Amino acid sequence: MASKHLFFFAILFFSAVSVFAEENPSLVMDYYKDTCPQAEEIIKEQVKLLYKRHKNTAFSWLRNIFHDCFVESCDASLLLDSTRRMLSEKETDRSFGMRNFRYIETIKEAVERECPGVVSCADILVLSGRDGIVALGGPHIPLKTGRRDGRKSRADILEQHLPDHNESMSVVLERFANIGINTPGVVALLGSHSVGRTHCVKLVHRLYPEVDPQLNPDHVPHMLKKCPDPIPDPKAVQYVRNDRGTPMVLDNNYYRNILDNKGLMLVDHQLAMDKRTKPYVKKMAKSQNYFFKEFARAITILSENNPLTGTKGEIRKQCNLANKLH
């Protein structure tokens, strides 16, 4: 009799597990192979086309992964516009300088023409970031898909999650560790500062009222030329290239620069000086292969941070609006 009861409860247990697995499936490679087999190719071609027309799009797509996936879930909450009841993540201070969101919508429209209502904005955000990395000369990173879109902004908790460029290295490492990224992964992800540019708003505190003595003196005149105002206008086109040598290439030149005290932001300087991170900075400065390996691993972990799957969330019709607002 006891064995019959055990068998019965075992059946119930495995049935419950089966239902849970169906409602909460994991991300998988090539999730759309049956429902929209051309999805990833369409996204890749759109990224190539848009990058050819607008070179800075690739920086934006790479930054999107960080800003979206770091804040609780990789669910495209970053892309939602503000409403009367909800502030957009795009409009917070931590999102200063982010742009080109309209091109995510361009990609979404291309995918919708092929497969209406199938591919999530969250997957488009991640895959455009992956293909943007390739456009910048970085590694191709196989990434899983199957994410669904969130329905609300997380602007109210964004600062609890996203590390800031002026925070201590201890805080930065802790924030990354919270989502499973270890120290070499942090060093590799900050290698994204190899490309793009930094607005003067983010670095004038190192130039005024006095120049930070830790900055390379040979680099300072260029920074002062690009940032002539102690209080720059956030809307002005006042930027410094992150890497003057290879500004459009994702490479390990960033690490050589920060070891030479040419890092623009405080976090760059700390990365090269802190005893916990400096060994990895040196290793990546010597080996681009090692940088790419750790970068790919960290991007993979970031892209899989707590996604919505199964019946959770939705597949948005437009990436900037939750479906209930249509």
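Treating only the Cβ of Lys, Arg, Asp and Glu as charged (+1, +1, -1, -1), what charge dipole size does the chain show about its Cα centre? Round to the nearest 20 debye. Could the numbers behind the result be given before it?
Numbers: 46 positive and 39 negative charges, 96 e Å.
That gives the chain a dipole magnitude of about 460 debye.
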Calculate, for the chain, the solvent-accessible area per residue in square angstrom, rolling a 1.4 angstrom probe over the heavy atoms of the protein chains.
-> 49 Å²
Specify which residue in the list His161, His199, Ala122 is farthest towards the positive end of the charge dipole of the chain, using unit charges on the beta carbon of Lys, Arg (+1) and Asp, Glu (-1), about the Cα centre.
-> His199
For the stretch 286-293, Karplus-derived ³J(HN,Hα) couplings (6.51, -1.76, 1.60; θ = phi - 60°; whole Hz; x for glycine and proline) come out as 8, 9, 5, 4, 5, 4, 4, 4
Relative to the longest principal Cα axis of the chain, at what angle does helix 101-114 sit, 0 to 90 degrees, rounded to 10?
-> 30 degrees
With runs of 4+ DSSP H residues as the only contributors, calculate the mean residue ellipticity of the chain at 222 nm using -39,500 (n - 2.57) per run, divided by the residue total and rounded to the nearest 500.
-> -13500 deg cm²/dmol
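Using the C-alpha atoms of the chain, what convex hull volume per residue, in cubic angstrom, is computed?
On the way: hull volume 55.1 nm³, N = 326.
Once divided by residue count, the hull of the chain is 169 Å³.
Looking at the stretch 173-242, which trypsin sites (Lys or Arg not before Pro) are in a loop (DSSP not H, G, I, E or B) and have at most 13 other Cβ atoms within 10 Å?
Lys235
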Would you please calculate the Kirkwood hydrodynamic radius of the stretch 241-326 over all C-alpha pairs and express it in Å, rounded to one decimal?
-> 15.8 Å
Quick one: work out Rg over Rh on the C-alpha atoms of the stretch 234-274, Rh as Kirkwood radius.
-> 1.02
With every protein chain in place, what's the accessible area of Asp229 (1.4 Å probe, Å², nearest 10)?
-> 60 Å²
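Report, to two decimal places, the Cα Rg of the stretch 82-192 normalised by 2.2 N^0.38 Å (N = number of residues). Intermediate values should be presented prior to the final figure.
Values: Rg = 16.1 Å, N = 111, 2.2 N^0.38 = 13.2 Å.
Working it through for the stretch 82-192, the quotient is 1.22.
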Sparse-neighbour loop sites [GluC sites (Glu not before Pro); the stretch 76-165; at most 11 other C-beta within 10 Å; DSSP] = none
Accessible area of the stretch 27-164 belonging to carbon and sulfur atoms, whole % at 1.4 Å probe = 47 percent
Which residue fluctuates the most in the chain, going by a Gaussian network model with Cα springs under 10 Å, if the choices are Val47, Val119, Val204?
-> Val204
Taking amide H positions as placed 1.01 Å from N in the peptide plane, with prolines and chain starts having none, which residues 5 or more places from Thr83, or on another chain, fall under 5 Å of its amide H?
-> Ser88
Quick one: Debye curve from the C-alpha atoms of the stretch 41-117, no solvent, what's log10 I(q)/I(0) at q = 0.13, 0.16, 0.19, 0.27 Å⁻¹?
-> -0.44, -0.65, -0.89, -1.33
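First check a/c for the stretch 175-326, with a ≥ b ≥ c the square roots of the eigenvalues of its C-alpha gyration tensor; if it is under 1.5, answer rounded, and if not, answer prolate when a/b is larger than b/c or oblate otherwise.
On the way: a/c = 2.41, a/b = 1.36, b/c = 1.77.
The shape class here is oblate.
The values are calculated or read from the model by the stated rules, or taken from the named source; none is laboratory data. Here the structure is a predicted model, which means the values were calculated and not measured. When we count neighbours, we look across all protein chains shown, and the Cβ atoms used for this are built from the backbone with ideal geometry, even at glycine. The accessibility values were calculated without ligands, DNA or RNA, using every heavy atom of the protein model including side chains. Shrake-Rupley method; radii C 1.70, N 1.55, O 1.52, S 1.80 Å.
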